[in-house]
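> I'd like to ask you about the structure that follows.
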Amino acid sequence: NAGVMQNPRHLVRRRGQEARLRCSPMKGHSHVYWYRQLPEEGLKFMVYLQKENIIDESGMPKERFSAEFPKEGPSILRIQQVVRGDSAAYFCASSPQGLVMNTGELFFGEGSRLTVL
Amino acid sequence: GQSLEQPSEVTAVEGAIVQINCTYQTSGFYGLSWYQQHDGGAPTFLSYNGLDGLEETGRFSSFLSRSDSYGYLLLQELQMKDSASYFCAVRDERGNYQLIWGAGTKLIIKP
């Protein structure tokens, strides 16, 4: 049973380009969360999605950032017109149910490290 | 505001016991979780406390005191592979889907 799969693991973009980060949740998981982590810091919540629905995107900047979790295929975090401040590790996590239904355990992928030149 | 405080770094000796503390200030509280992260890799779940007291899982134990807004992670019989960053995270009033994370404690283990 494969874990949470994220790709690419490393992505380099120039300022103004677009970055697309993909996340396939664990089999049987329908809840996906995206987090951002800067060096020496904890994870910051960005967005929570269920299949075809964005449940909460309060942690995501309103401009340039978008996320989706289509009926078929992986969840996508899209960053348009990247700037140097977008350089970070972006982690995807999944759970079989919402956190309120369990112990708060999330299953994380290995992350995608975005570097903006 | 919402915040979790934990030491930035702790050093211990192989075979010893170490305690990593976490104090929190959040809007509501639905439980305290601990995660381990090796070298910026995938965070992995260690334990969860929803009620006061001690939870034990092998060499790791976690404690919670809701009245003190405080918890700790206790690691026993330290092994070199335990060198990692440890994060506490709280489910707050939005507990259905959000975790508020501390900045992490880097555990350095010396032989």
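The values are calculated or read from the model by the stated rules, or taken from the named source; none is laboratory data. Owing to the predicted nature of the structure, the values given are computational and were not obtained by experimental measurement. Every residue, glycine as well, gets a Cβ built from its backbone with ideal geometry; the counts of neighbours run over all protein chains shown. Accessible surface is based on the protein model in full, side chains and every heavy atom, while ligands, DNA and RNA are left aside. Shrake-Rupley method; radii C 1.70, N 1.55, O 1.52, S 1.80 Å.
> Of the conditions (1) open to solvent by less than 70 Å² (accessible area, probe 1.4 Å); (2) within 10 Å of the chain's Cα centre (by Cα), A:PRO74 clears all except one; give me its number.
(2)
> Give the range A:21-44 a look and list any residue that's of a type in the set (Ser, Thr, Tyr) and away from chain B (no Cβ under 13 Å), or say none.
Within the range A:21-44, A:SER24 is the sole residue that qualifies.
> Give me the residue from the range B:20-47 that is in contact with a helix residue (DSSP H, G or I) (Cβ under 9 Å, 6 or more places away or on another chain) and within 9 Å of chain A (Cβ to nearest Cβ) and, out of that set, surrounded by the most Cβ atoms within 10 Å (Cβ to Cβ).
Filtering the range B:20-47 for residues that are in contact with a helix residue (DSSP H, G or I) (Cβ under 9 Å, 6 or more places away or on another chain) and within 9 Å of chain A (Cβ to nearest Cβ), the one surrounded by the most Cβ atoms within 10 Å (Cβ to Cβ) comes out as B:GLY31.
> Take the residues of the range A:1-12 that are outside any loop (DSSP other than H, G, I, E, B) and of a type in the set (A, V, I, L, M): which is surrounded by the most Cβ atoms within 10 Å (Cβ to Cβ)?
A:LEU11
> With respect to B:GLU14, determine if the residue is in contact with a strand residue (DSSP E or B) (Cβ under 7 Å, 6 or more places away or on another chain) and either within 14 Å of another protein chain (Cβ to nearest Cβ) or free of Cβ contacts under 8 Å to residues at least 40 places away in the same chain (or both).
It is false that B:GLU14 is in contact with a strand residue (DSSP E or B) (Cβ under 7 Å, 6 or more places away or on another chain) and either within 14 Å of another protein chain (Cβ to nearest Cβ) or free of Cβ contacts under 8 Å to residues at least 40 places away in the same chain (or both).
> Given (1) surrounded by fewer than 16 Cβ atoms within 10 Å (Cβ to Cβ); (2) within 12 Å of another protein chain (Cβ to nearest Cβ), where does A:PRO96 come up short, assuming only one miss?
Going through the list (1) surrounded by fewer than 16 Cβ atoms within 10 Å (Cβ to Cβ); (2) within 12 Å of another protein chain (Cβ to nearest Cβ), A:PRO96 breaks only (2).
> Of all residues being within 14 Å of another protein chain (Cβ to nearest Cβ) and over 21 Å from B:ILE108 (Cβ atoms) in the range B:48-80, which is most open to solvent (accessible area, probe 1.4 Å)? Just the residue, please.
B:LEU51
> Right, something else. Looking at the range A:61-71, is at least one residue open to solvent by less than 20 Å² (accessible area, probe 1.4 Å) and within 14 Å of chain B (Cβ to nearest Cβ)?
Checked against the condition, which is being open to solvent by less than 20 Å² (accessible area, probe 1.4 Å) and within 14 Å of chain B (Cβ to nearest Cβ), the range A:61-71 yields at least one hit.
> Could you pull out the residue among B:SER83, B:SER8 that is among the polar types (S, T, N, Q), away from every other protein chain (no Cβ under 14 Å) and open to solvent by 30 Å² or more (accessible area, probe 1.4 Å)?
Result of the check over B:SER83, B:SER8: B:SER83.
> Next question. Taking the range A:38-60 on its own, how many of its residues are within 14 Å of A:GLY111 (Cβ to Cβ), open to solvent by 20 Å² or more (accessible area, probe 1.4 Å) and in contact (Cβ under 8 Å) with a residue 12 or more places away in the chain? Give the steps one after another, and end with the answer.
Taking the range A:38-60 as the starting set, the residues that turn out to be within 14 Å of A:GLY111 (Cβ to Cβ) are A:38-39, A:41-44, A:46.
Next cut, open to solvent by 20 Å² or more (accessible area, probe 1.4 Å) only: A:38-39, A:41, A:44.
Applying the additional criterion that residues be in contact (Cβ under 8 Å) with a residue 12 or more places away in the chain yields A:38, A:44.
Result for the range A:38-60: 2.
> Among the residues of the range A:79-91, is there at least one that is out of contact with any helix residue (DSSP H, G or I) (no Cβ under 8 Å at 6 or more places or on another chain) and facing another protein chain (nearest Cβ under 8 Å)?
Looking for residues that are out of contact with any helix residue (DSSP H, G or I) (no Cβ under 8 Å at 6 or more places or on another chain) and facing another protein chain (nearest Cβ under 8 Å), one finds at least one in the range A:79-91, hence yes.
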